[in-house]
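Notes follow once the structure below has been shown.
The values are calculated or read from the model by the stated rules, or taken from the named source; none is laboratory data. For clarity, every value in this text was computed on a predicted model and none was experimentally measured. Ideal geometry is used to build each Cβ from the backbone, glycine not excepted, and the neighbour counts take in all protein chains shown. Quick note on the areas: whole protein, heavy atoms, side chains included, nothing else; ligands and nucleic acids left out. Shrake-Rupley method; radii C 1.70, N 1.55, O 1.52, S 1.80 Å.
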Amino acid sequence: MTRYHPILVTLHWILAAMIIGGLIMGGQVLAATPNDDPFKLISLRMHMGMGIAILALMLTRLIVRLVTAKPPEADIGNVVLNKGATAAHWLFYLVVFAMCGSGIAISVMAGLPAIVFGGSGDPLPVDFSAFPPRAVHGALATVLGLLILAHIGAALYHHFIRRDGLLRRMWFGNRQG
């Protein structure tokens, strides 16, 4: 077996786009929009909706990963780097789940479900940093961004330097060849 299951591949690329989009939305759009700006509600609805979708898709991806056959672990010829790569992949799951959890915690503490989705008409909190999970959410966003950069760097290293075809594992095609 040389490739991951097509569902896993599909979820990988959808989640990659969604997670990067969520990080940009949170770090650039939401952070720059005052809480009294009506656009903030629209942005929060998009960000929170995407966060819930990411959580559902990540849970699905984890289940698919655990129950489907996988290609053998990649071997770069260095035990430490091999173990680091495996750890980094599992760290992605942990950090994304923690991001979703901290986002949900902020949402609940700030009363956002009723405001953003329920149309309660209540104002948004003056400052989300008043809620402790907000600092965790921000720190995790930085960690996740760094993980993504390292992941992309490793993929490019495998593709352009090692030329070992590792990227094909996470693409569509014959799983046996």
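Taking the criterion of being touching a residue at least 60 places away in the same chain (Cβ under 8 Å) and among the basic types (Lys, Arg), the residues of the stretch 154-177 that qualify are Arg162, Arg168, Arg169, Arg175. Right, His151: outside any loop (DSSP other than H, G, I, E, B), open to solvent by 40 Å² or more (accessible area, probe 1.4 Å) and touching a residue at least 60 places away in the same chain (Cβ under 8 Å) or not? When the stated conditions are applied, His151 passes them. Pairs linking a residue in the stretch 20-36 that is in contact (Cβ under 8 Å) with a residue 40 or more places away in the chain to a residue that is of a type in the set (D, E, K, R), with Cβ atoms under 9 Å and 6 or more positions apart or on different chains, are Asn35/Asp127.
Let's see how each residue does on (1) exposed (fewer than 15 other Cβ atoms within 10 Å of the Cβ); (2) of a type in the set (A, V, I, L, M, F, W, C); (3) touching a Ser or Thr at 6+ places or on another chain (Cβ under 7 Å):
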position	(1), (2), (3)
Gly77	yes, no, no
Phe97	no, yes, no
Val126	yes, yes, no
Pro133	no, no, yes
Leu147	no, yes, no
Ala155	yes, yes, no
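In the condition set (1) modelled with pLDDT under 95; (2) part of a helix (DSSP H, G or I), Pro71 is compliant with all but (2).
Condition test on Ala110, is it aliphatic (A, V, I, L, M), farther than 25 Å from Ile14 by Cα and within 25 Å of the chain's Cα centre (by Cα)? So Ala110 fits the description; yes. Here's a check for you: in the stretch 42-54, which residue that is open to solvent by less than 40 Å² (accessible area, probe 1.4 Å) and either within 16 Å of the chain's Cα centre (by Cα) or basic (Lys, Arg) (or both) is nearest to Met18 (Cα to Cα)? Among them, the one singled out is Ile54. Among residues that are at negative phi, among the basic types (Lys, Arg), open to solvent by 50 Å² or more (accessible area, probe 1.4 Å) and under 18 Å from the mean Cα position of the chain (by Cα), Arg65 is not included. Of all residues in the stretch 25-41, those being surrounded by fewer than 13 Cβ atoms within 10 Å (Cβ to Cβ) and either touching a strand residue (DSSP E or B) at 6+ places or on another chain (Cβ under 6 Å) or part of a helix (DSSP H, G or I) (or both) number 4.
Give the residues of the stretch 74-113 that are part of a helix (DSSP H, G or I), of a type in the set (S, T, N, Q) and closer than 22 Å to Arg168 by Cα, sorted by residue number.
Asn82, Thr86
Report yes if Phe172 is farther than 30 Å from Asp37 by Cβ and either within 19 Å of the chain's Cα centre (by Cα) or not in a loop (DSSP other than H, G, I, E, B) (or both), otherwise no. Judged against the criteria, Phe172 is not a match. Number of residues in the stretch 157-177 that are touching a helix residue (DSSP H, G or I) at 6+ places or on another chain (Cβ under 7 Å) and loosely packed, with under 12 Cβ neighbours inside 10 Å equals 1. Exactly one residue out of Pro133, Pro123 is farther than 18 Å from Ile52 by Cβ and more than 12 Å from the chain's Cα centre (by Cα): that is Pro123.
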